[in-house]
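J.: First the structure, which I've put down as structure tokens, then a few questions once you've had a look.
Taken together, the values in this text are just the output of simple stated rules run on the coordinates, not laboratory data. Computed from a predicted model, the values in this text were never measured in an experiment.
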Amino acid sequence: MQTTSNASKPHPERDLVEIKINRVEYKIPRGPLKVTSLKDWAEIPPADEVEQVRHGNLEPIADDATLEIKGGEKFISHPRDGGSS
């Protein structure tokens with residue numbers, strides 16, 4: 001079963017492209033996207049970490065980063081490792 005979600009269109013003049021977040025497809029505007037917006041669209045808890053899958057490797061992304069979305073990107077989220085001792 002394939003699940004697709006349409007994100008809101010804050011910039012309707014831009015083309016929509018598909019990305020995957022936690023194996024769910026989202027159609028979002030091409031161009032800059034803040035990680036906080038990515039979390040909002042995918043309903044990822046703000047405290048969770050987001051990583052981008054690139055060439056089979058996971059690359060952590062800072063919460064204050066802005067991504068350049070081109071289409072085809074894949075992301076996963078998970079609770080952050082560690083904690084206070």
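J.: Each residue of the stretch 44-55 in order: what ³J(HN,Hα) in whole Hz does its phi give by Karplus 6.51 cos²θ - 1.76 cosθ + 1.60, θ = phi - 60°, with x for Gly and Pro?
T.: In residue order, the calculated couplings are 8, x, x, 7, 6, 8, 10, 10, 9, 8, 10, 6 Hz.
J.: So for the stretch 4-78, considering every pair of alpha-carbon atoms, how many percent are separated by more than 20 Å?
T.: Distances greater than 20 Å cover 21 percent of the Cα pairs.
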